[in-house]
Amino acid sequence: MQEYYIRTSDSDETRGPFTHDQLASLGEMGHLGLDALIYNPETEAWEVLETNQALREIVFPEKKRLTVKAREDFQSINKNEDELPAVTINDLLAAAEGLTEDTRHRKKVNAWKEKAAVAAMFILGTSLLFSAIGLIWLSRDIVFAFDVGRMITSPLVIIAFIDLAVGMLMFLQSPNAYPFLRFRAALGCGFFIFFFWAVGEPGLLLTSAVGALGIYGLTLFLQQAPFIILSAMALLGMLGFAALSFTV
């Protein structure tokens, strides 16, 4: 099911992810207007809700006009209609708040995904920071000497500064950086495997590859089990990479 992040036009605070049903509920309660900004995962860009006709019709459906029809005699198909329990106002409120048996599980899943989306950005930012520390240490001769000419031609230094920049965006809770982060994780993984295999450093090869796979996966999955596994891969992989770089 497709999910969306939202924010108001006058604020940088991002909320979500929300499903179609949750967006419709926010619109019905007046917490979401046509001028709200929606992050569309298909186009990977923010857009005004009013300009997205398909999503606008889901969030603000046109209400059908009710007409009074002449009463007709009919026979109920519920043979034991009188034995059915009455539905109270409290039952309706509980269902709307996700407190019934049927909706409680769904509410827990959505609450987990909201927390996981926030936590993922801090985990990604920390993992990228570990990666940058390891890469800078491996290139310490030219970095500490501030040899700009060699720094701008060194792949390790370039990727280190990219990791620092993207890591800061993650700490600032910016989901717009996810497409670039996936590209960095995929390209970095391939490059590091080849580079560290060529220089005979299997430990750095393994830890950088595990960390990169964890980073890539965290941009795609928020379900509890994959999230925990991928978080461990990203953090431990890049932490191990940084630690091993100090032994080289």
In order through the stretch 117-129: 3J(HN,Hα) via Karplus (6.51 cos²θ - 1.76 cosθ + 1.60), integer Hz, x for Gly, Pro: 4, 6, 5, 4, 5, 5, 5, 5, x, 5, 4, 5, 5
Spin-label model distance (nm) - ALA232 vs ILE58, 7 Å beyond Cα toward Cβ: 3.4 nm
Under the Karplus curve 6.51 cos²θ - 1.76 cosθ + 1.60, θ = phi - 60°, whole-Hz ³J(HN,Hα) for the stretch 50-58, x wherever Gly or Pro sits: 5, 7, 9, 4, 5, 6, 5, 5, 6
3J(HN,Hα) from dihedral phi, the stretch 148-159, Karplus parametrisation 6.51/-1.76/1.60, rounded to Hz, x for glycine, proline: 4, x, 7, 5, 6, 10, 9, x, 5, 5, 4, 5
Kirkwood-based Rg to Rh ratio, the stretch 163-248, C-alpha trace: 0.99
Extension gain (nm, one decimal) between ALA145 and PHE194, 0.36 nm per residue minus Cα-Cα: 14.9 nm
Calculated FRET value between THR19 and LEU172, using beta carbons and R₀ = 45 Å, to 0.05: 0.95
Gyration tensor over alpha-carbon atoms, the stretch 104-248, equivalent ellipsoid semi-axes in Å: 30, 16, 11
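Readers should treat all values here as calculations from the given coordinates under stated rules, not as data from a laboratory. What you see is a predicted model, and the numbers here were worked out from it, not measured in a lab. No Cβ is skipped: glycine too gets one built from the backbone with ideal geometry, and neighbour counts run over all protein chains shown.
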